[in-house]
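Beneath this line is the structure, given in structure tokens, with notes to follow.
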Amino acid sequence: QVQLVESGGGLVQAGDSMRLSCTASRRSFTYLTMGWFRQAPGKEREFVAAISGGYPYYADSLKGRVTISRDNAKNTVTLQMNSLKPEDTAVYYCAAGPSTTPTMAVKMYDYWGQGTQVTVSS
């Protein structure tokens, strides 16, 4: 069992940056693929980024504006988002799974955080 706790959401203005963090409660964190997804009201959950080992993978639509990184010593994965837009408004979820490569497939993630709200005002 892995518990994931996100932090760092809130209200920002368009053009601002925001950093989200997720801490996992598992000693073998290093071997987990960690991902970030988001879900806006009335929409399906959408892949944002993932990292497996030191290898990141980004949604094409967000490439260049987001950066995912991990600190295995702290069991933490971070999502840095820049040049935020109102359409980035969503609940952002951290996820963990056993895949050996970063993946955008929701079904490949076994554990999910409770989500953190990100609201970008215009």
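The values are calculated or read from the model by the stated rules, or taken from the named source; none is laboratory data. Please read all numbers here as calculations on a predicted model, not as lab measurements. Every residue, glycine among them, receives a Cβ derived from its backbone with ideal geometry; neighbour counts consider all protein chains shown. Ligands, DNA and RNA are stripped out before the accessible areas are found, and what is left, the full protein with its side chains, is counted by its heavy atoms. Shrake-Rupley method; radii C 1.70, N 1.55, O 1.52, S 1.80 Å.
Just a few scattered comments:
- Per residue, the chain exposes an accessible area of 53 Å² to a 1.4 Å probe, with every protein chain left in place.
- Fully extending the segment from K43 to Q1 would add 12.3 nm, taking 0.36 nm per residue of separation and subtracting the current Cα-Cα distance.
- Modelled FRET efficiency - R0 25 Å, T101 with R19, Cβ distances, 0.05 increments: 0.50
- The chain - percent of accessible surface contributed by carbon and sulfur, probe 1.4 Å: 49
- Semi-axes of the equivalent ellipsoid for the chain, Cα gyration tensor, largest first, Å: 23, 14, 13
- Label-to-label distance for S83 and L11 is 2.6 nm, based on points extended 7 Å past Cα in the beta-carbon direction.
- When you restrict to C-alpha pairs under 8 Å that are six or more residues apart and normalise by the size of the chain, the relative contact order lands at 36 percent.
- For K43, the lysines whose Cα falls under 23 Å of its own Cα, not counting residues fewer than eight places away in the same chain, are K63, K85, K107.
- Distance between the stretch 6-33 and the stretch 42-60 - C-alpha centres, whole angstrom: 13
- Over all other residues within a Cβ to Cβ distance under 15 Å of T76, the charged ones net out to +3, with Lys and Arg as +1 and Asp and Glu as -1.
- Cα gyration tensor category, rounded, prolate or oblate, for the stretch 1-44 with a/c compared to 1.5: prolate
- Largest accessible area first, the residues Y109, Y58 order themselves as Y58, Y109 under a 1.4 Å probe with ligands, DNA and RNA left out.
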